[in-house]
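Accompanying notes for the structure given below.
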Amino acid sequence: MQFFKKTILAFAALAGFAVPVAALDMNRAGTVVTIMEKISEESGEDIYYGAGDVFLELDYNGYIAAAGFGEADWIATFDEVVTGYMATIPQDEFDAMFRDVVAMLEASTLSDEQKAELRQDMVLHIAEAQRARESGMVHAQAVLPYADRLYPMFFGE
């Protein structure tokens, strides 16, 4: 159920998707991952695309500013790390995540009409997630060394 919640939050955040313009370097990615870990652990907040502003609000200990990030820079770099991580997930695994969500929808007790509406929305969001993943390919090499650290923040332990 945790995955379902995170996936829906990611779907909602993807509406503001923008294509990044420069490649992320490994040191900067590592700094962002470390900050994500600290804030996620302290707040219990999940990591998902578009949550950079949420993490700004939850940064009660000033990790983001101490690392030299301004608001816009933090949000952009946070999204680069997230899309870069999405790009490290093999395509078949990425597709399987959405199949699992669709299967949960189909198994739900919602009416056929409600399921049809949600299914239609999901098709759009899945396409947006794929575009975000593809845009993250430019960041994948910088994020790959941190994939094992990012996994539990996205999918739980």
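Throughout, read-outs are computed from the coordinates displayed, never taken from laboratory work. All of these numbers come straight from a predicted model, not from anything done at the bench. Glycine also receives a Cβ, built like all others from the backbone with ideal geometry; neighbour counts cover every protein chain displayed.
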Checklist line | In order through the stretch 148-155: 3J(HN,Hα) via Karplus (6.51 cos²θ - 1.76 cosθ + 1.60), integer Hz, x for Gly, Pro | finding: 5, 7, 6, 3, x, 6, 8, 10
Check: When the C-alpha atoms of the stretch 73-157 are aligned to their principal axes, what extent does each axis show, in angstrom, from largest down?
Finding: 44, 26, 24
Notebook entry, point to check: Which one of 105, 132, 120 has its Cα pushed farthest toward the positive end of the charge dipole of the stretch 96-139, where Lys and Arg give +1 and Asp and Glu give -1 at the Cβ?
Noted result: 132
Note to self: Using the Karplus curve 6.51 cos²θ - 1.76 cosθ + 1.60 with θ = phi - 60°, what ³J(HN,Hα) values do you get for each residue of the stretch 66-71, in whole Hz, with x for Gly and Pro?
What the structure shows: 4, 7, x, 8, x, 4
Check: Can you list, bin by bin at 5 Å, the percent of alpha carbon pairs in the stretch 2-155, starting at 0?
Finding: 2, 9, 19, 22, 20, 13, 8, 5, 2, 1, 0
